[in-house]
Amino acid sequence: MSSGSLSVVVPALNEEQNLEATVAEILAEIPRHFDDYEVLIVDDGSTDRTGEIADALALQNPAVRTFHNRGNQGYGKAYFRGVSEASKDYVVLVPGDGENDLAGMSPLWPLLGTADLIVPFTLNPEIRPPSRRLFSRLGTVTMNALFGMRLRYFNGTVVCRADALRGIRVETWGYLFQAECLVRMVRRGASYREVGIRVRPRPFGRSKLFTPRNLAEVAR
């Protein structure tokens, strides 16, 4: 078993086709590595059955809790809603879209307790569309150049020590909120380790990355 305890935050916006399978996979994989864990689903103002499905999942398993945002507040605010409710030592984001391969994330868990941040990078970027690969690459190069860092990826499923994460002030709530968290935490002296993981295409629907709201947030 891995050291420490883990809160899994699952932001979900209109993921009725993906959420149940995502949570089932979390509940199948995480107990293999942790005795003490919880799953926090944050329904970010969904207009489909996501909230209803989330509530049903919470009723079925005491390790699952559900929270509902009033209206769509953004990916980052949904995540930090979960962080504010988290009760465990470490926090990790697992999107409700089912893109993350929980078994593929297994290299992260043994490193808990060795650093404040466990920072993943993608070992198989070729499965993503060329436009997304280019966007990610340009983003990584830009962030490293602007802030004097050497990270291989800024927007993965970072595992954060919960008390260190709550000690920062975040201003970006869209696609780059995770990148801002990393920069601010490292600049405050947080230790980190990088590890490669594998991801997979989302089972249903389209990525919400290239929305006008997210692109405007990245530009700002």
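The values are calculated or read from the model by the stated rules, or taken from the named source; none is laboratory data. Everything numeric here is computed off the predicted structure, so don't read it as measured data. Cβ coordinates were reconstructed from backbone atoms using ideal geometry, including for glycine residues, and neighbour counts include every protein chain displayed. Just so you know, the surface numbers come from the protein's heavy atoms only, side chains and all, with ligands and any DNA or RNA stripped out. Shrake-Rupley method; radii C 1.70, N 1.55, O 1.52, S 1.80 Å.
Details
- Any chance LEU27 is buried (at least 21 other Cβ atoms within 10 Å of the Cβ) and of a type in the set (A, V, I, L, M, F, W, C): no
- Number of residues in the range 84-110 that are open to solvent by less than 20 Å² (accessible area, probe 1.4 Å), touching an Asp or Glu at 6+ places or on another chain (Cβ under 7 Å) and farther than 22 Å from ASP35 by Cβ equals 1.
- Residues being modelled with pLDDT under 95, in a loop (DSSP other than H, G, I, E, B), open to solvent by 70 Å² or more (accessible area, probe 1.4 Å) and farther than 28 Å from ARG169 by Cα are entirely absent from the range 37-52.
- Filtered by the rule that a residue be surrounded by fewer than 19 Cβ atoms within 10 Å (Cβ to Cβ) and outside any loop (DSSP other than H, G, I, E, B), the range 141-161 gives VAL141, THR142, ASN144, ALA145, LEU146, PHE147.
- Tally of residues being open to solvent by less than 20 Å² (accessible area, probe 1.4 Å) and either more than 23 Å from GLY4 (Cβ to Cβ) or modelled with pLDDT under 90 (or both) across the range 116-128: 1
- Only one of the numbered conditions (1) in a helix (DSSP H, G or I); (2) open to solvent by 20 Å² or more (accessible area, probe 1.4 Å); (3) touching a residue at least 40 places away in the same chain (Cβ under 8 Å) is violated by ALA56, and that is (3).
- Residue within the range 172-193 that is out of contact with any helix residue (DSSP H, G or I) (no Cβ under 9 Å at 6 or more places or on another chain) and among the basic types (Lys, Arg) present: yes
- The range 118-145 residues that are of a type in the set (Val, Ile, Thr), paired with ones that are modelled with pLDDT of 90 or more and part of a helix (DSSP H, G or I) (beta carbon under 6 Å, 6 or more apart): ILE118/LEU111
- The set of residues from the range 85-102 being of a type in the set (Gly, Ala, Ser) and at pLDDT below 95 comprises GLY96, GLY98.
- Hits in the range 129-140 (condition: out of contact with any Asp or Glu (no Cβ under 9 Å at 6 or more places or on another chain) and either assigned to a helix (DSSP H, G or I) or open to solvent by less than 30 Å² (accessible area, probe 1.4 Å) (or both)): PRO130, SER131, ARG132, LEU134, PHE135, SER136, ARG137, LEU138, GLY139, THR140
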